[in-house]
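**Q** Below you will find the structure I want to go over with you.
The values are calculated or read from the model by the stated rules, or taken from the named source; none is laboratory data. These figures come from a predicted structure and were not determined experimentally. In this analysis, Cβ positions are derived from the backbone assuming ideal geometry, glycine residues included, and neighbour counts consider all displayed protein chains. We work out accessible area using only protein heavy atoms, side chains counted, and drop any ligands, DNA or RNA first. Shrake-Rupley method; radii C 1.70, N 1.55, O 1.52, S 1.80 Å.
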Amino acid sequence: MSGDVQVQRMELADKRVLILGLARQGMALARFLARAGTEVTVSDLRDEEALADQLADLADLPIRYVLGEHPLNLLDRTDLVCLSGGVPVDIPIVLEAQHRSIPLSNDAQIFLERCPAPVIGITGSAGKTTTTALVGEMCRAAGLRTWVGGNIGNPLIADLDQIQPCDRVVMELSSFQLEVMTVSPHVAAVLNITPNHLDRHKTMEAYVAAKRNIVAHQRPEDFALLGYNEPNARSLALETAAHLLWFSAGAEVDEGAFTTNGELTLRLEGVDRAICQSAEVRLRGRHNLLNVLAASVLAGVAGVPVEAMCQVAMTFTGVEHRLELVREWNGVSWYDDSIATAPERSLAALRSFEEPIVLLAGGRDKDLPWGEFAGETVQRVRQLITFGEAGPMIARIVDERLGDESATPHHPVLEEITAVETLEQAVEVAARVSQPGDVVLLSPGGTSFDAFRDFVERGDRFKELVRLLGSGQTEAPDVVGGAVTASPGGEPSRLARVGQEAGVDGSRGEGAA
């Protein structure tokens, strides 16, 4: 353990900290603070039965629990309030804490304040997990001792005692974490900022403001990497004091990485180095080419040689549930892109394929625009199958766009829209309507919270269903819903009314409280 961490722990020892939410982040922080001698209280809206596993895991630590509610009197003896990722900042207890001038924090901020090694922090509306994983793999390929975590799934505060000053730390940061943070990492990347999580942040301005915090507190000796091709990310150049770096899939940049003539080039400190050819990048899609460019810049700042970047770019097959090839069956390729919880992410997936597509779209909407998704679906998707709460809405919007497109010279590709209730039914329909040479793509565009704990559980269920196709181990469910034949300007003959009574709290993911 480094001396710096010991000093910071002594500073925490006399504090009274309230943690809201006992999911992955809350548990890691509670364990860290309790072992540091902090007086820890945890409050979660779930009851003791629902939290049985978490409570058992922390049973050996002196932690006080207040479950089933967030009473305001918890603030009477509190020096610091820490929010897990799924806890909104506009609930009464958080608003009251701010009214009383009690500072807010979270596991990510406490980690950044105490980490002895420089941290590479990565955020964006799409691509941040893949980019984080790529940077980690590039650092490891160079023989560097590397820690990867944060929103990607591993709260790094659990590893703080083992991190040494010469290590490399790569940290994914979400808008939910960033919105309360008042520190920035030494190296910060903003890949893109497109409409997402507006059900949580309410406005695009608030969402951008949350993302801004990753660069807003940097100093001149720090580095900020921004997506050159995305206006919201590019605009943050005015919000940071750090040294600016860029990545671009088109234009050359002063310093960073870009593509020209089918080649990925890294430009740092005035020197250009070829990484590899675009065609050699293993991951599918232009969006993944951008992820590789961003990762290469970040790895370069971390001291990784170009040879290691090239090796990873040519061999990295991706992160689970992100354009993951599940199976080839009867000449059809089945892909899991369950991570696509916004229409923008589904668009990137659709643009990654030249083959005919059978698209599974649905889940729960986040109050996001679907117009561009509808236009792309009409022109790229052969069969659309909608499911979940948002299924009827998506089917309606796409069908309306289909009528509009049919009146233009651009002949639509879309043949049929089928609306069903569940993912199981969607897979059964996809198996029936797909043809050899097709791609069946789960890229929902909505969250999983209408039927699943998170996108991981949804993706795992999809993969399970796909692997059972043709095995005779499952009986295909009756399809509840209807097919909408995509005739020009035709009205849907029937739409499944699905998920309206589900009543699932959208905060049931990470840090639900």
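**Q** DSSP beta bridges in the chain, what fraction antiparallel, as a percent rounded to 5?
**A** Numbers: 22 of 82 bridges.
Here the antiparallel bridges make up roughly 25 percent for the chain.
**Q** Something else about it: What is the Cα radius of gyration of the chain over 2.2 N^0.38 Å, N being its residue count? The partial results should precede the final answer.
**A** On the way: Rg = 23.7 Å, N = 513, 2.2 N^0.38 = 23.6 Å.
Ratio of Rg to 2.2 N^0.38 Å for the chain: 1.00.
**Q** Mind giving me the nanometre distance, one decimal, between the label points for Asp57 and Glu457, set 7 Å out from Cα along Cα→Cβ?
**A** 1.5
**Q** If you don't mind, another one. Quote the charge dipole size of the chain about the Cα centre in Debye, to the nearest 20; the model charges only the Cβ of Lys and Arg (+1) and of Asp and Glu (-1).
**A** On the way: 45 positive and 72 negative charges, 135 e Å.
Using Cβ point charges on Lys, Arg, Asp and Glu, the chain gives about 640 debye.
**Q** State the Cα centre-to-centre distance between the range 99-129 and the range 279-336 in whole Å.
**A** Going from one Cα centre to the other spans 26 Å.
**Q** If you place +1 on the Cβ of every Lys and Arg and -1 on the Cβ of every Asp and Glu, how big does the dipole about the Cα centre of the range 101-177 come out, in debye to the nearest 20? Display every interim value, and only then the final one.
**A** Working: 5 positive and 7 negative charges, 35 e Å.
Roughly 160 debye, rounded to the nearest 20.
**Q** Provide the percentage of antiparallel DSSP beta bridges, counting only those with both residues in the range 1-143; round to the nearest 5.
**A** Numbers: 0 of 16 bridges.
Counting DSSP beta bridges with both partners in the range 1-143, the antiparallel share is about 0 percent.
**Q** Turning to a different aspect of this structure: In square angstrom, what is the accessible area per residue of the range 399-468 with a 1.4 angstrom probe?
**A** On the way: 2820 Å² over 70 residues.
Roughly 40 Å² per residue, with all protein chains present.
**Q** Take a quick pass over the chain and tell me how many lysine pairs come in under 18 angstrom between Cα atoms, counting only ones 8 or more apart or on separate chains. Provide the component values of the computation, followed by the final result.
**A** Values: Lys128/Lys211; Lys202/Lys211; Lys202/Lys366; Lys211/Lys366.
Pairs that pass both the separation and distance tests number 4.
**Q** Moving to a separate point now. Using only the heavy atoms of the protein chains and a 1.4 Å probe, how would Arg345, Arg234 rank by accessible area, largest first?
**A** Numbers: Arg345 45, Arg234 90 Å².
Putting Arg345, Arg234 in descending order of accessible area: Arg234, Arg345.
**Q** Give the ranking of Asp79, Asp44 by solvent-accessible surface, highest area first, calculated with a 1.4 Å probe.
**A** Working: Asp79 55, Asp44 0 Å².
So, going from the largest accessible area down, we get Asp79, Asp44.
**Q** Hey, can you grab everything whose amide H is under 5 Å from the amide H of Gly362? Only 5+ residues off in sequence or another chain; H modelled, so Pro and N-termini drop out.
**A** Amide H to amide H, under 5 Å and 5 or more residues apart or across chains, Gly362 pairs with Phe387, Gly445, Gly446.
**Q** Right, next: For a quick check of understanding: with a 1.4 angstrom probe and all protein chains in place, what accessible area in square angstrom does Phe316 have, to the nearest ten?
**A** Accessible area of Phe316: about 30 Å².
**Q** Taking all protein chains in place and a 1.4 Å probe, what share, in percent, of the accessible surface of the range 322-477 do carbon and sulfur account for? Before the final figure, lay out the partial values.
**A** Details: 2650 of 5740 Å².
Ligands and nucleic acids excluded, carbon and sulfur reach 46 percent.
**Q** Each residue of the range 247-253 in order: what ³J(HN,Hα) in whole Hz does its phi give by Karplus 6.51 cos²θ - 1.76 cosθ + 1.60, θ = phi - 60°, with x for Gly and Pro?
**A** Ordered by residue, 3J(HN,Hα) equals 9, 8, 8, x, 5, 5, 10 Hz.
**Q** Okay, moving on. Using the heavy atoms of the protein chains alone and a 1.4 angstrom probe, what is the accessible area of the range 9-62 per residue in square angstrom?
**A** On the way: 2500 Å² over 54 residues.
Heavy-atom SASA per residue in the range 9-62 reads 46 Å².
**Q** Accessible area per residue, 1.4 Å probe, Å², for the range 207-349: what's the number? Numbers along the way, then the final one.
**A** Details: 5730 Å² over 143 residues.
Normalised by residue count, the accessible surface of the range 207-349 is 40 Å².
**Q** Could you please report the charge total around Val413, scoring K, R as +1 and D, E as -1 over all other residues with beta-carbon less than 14 angstrom from its beta-carbon?
**A** Details: positive: Arg351, Arg380, Arg382, Arg401; negative: Glu354, Glu355, Glu376, Glu405, Glu415, Glu416, Asp438.
With Lys, Arg at +1 and Asp, Glu at -1, the net is -3.
**Q** Quick one: plug the Kirkwood hydrodynamic radius of the range 171-232 (C-alpha pairs) into Stokes-Einstein at 37 °C, 0.692 mPa s, and report D in µm²/s. Spell out each step's value before the answer.
**A** Values: Rh = 12.0 Å.
Estimated via Stokes-Einstein, D reaches 273 µm²/s.
**Q** What per residue convex hull volume, in Å³, comes out for the range 340-407 when only alpha-carbon positions are used?
**A** Numbers: hull volume 5.1 nm³, N = 68.
That works out to 76 Å³ per residue.
**Q** Express in nm, to one decimal, how much length is gained between Ala241 and Asp161 on full extension, taking 0.36 nm for each residue of separation and deducting their alpha carbon distance. Let's see the in-between values first.
**A** On the way: separation 80, 0.36 × 80 = 28.80 nm, distance 3.02 nm.
That works out to 25.8 nm of additional length.
**Q** Using a 1.4 Å probe on the protein heavy atoms only, what accessible surface does Tyr65 show? Give it in Å² to the nearest 10.
**A** 70
**Q** Give me the percent of accessible area attributable to carbon and sulfur for the range 50-169, probe 1.4 angstrom.
**A** Numbers: 2230 of 4600 Å².
On the range 50-169, the fraction of accessible area on carbon and sulfur atoms equals 49 percent.
**Q** Tell me, what % of the accessible area of the range 192-279 is carbon and sulfur with a 1.4 angstrom probe? Present the calculation step by step, with values, prior to reporting the outcome.
**A** On the way: 1930 of 3990 Å².
Heavy-atom surface of the range 192-279 belonging to carbon and sulfur, 1.4 Å probe: 48 percent.
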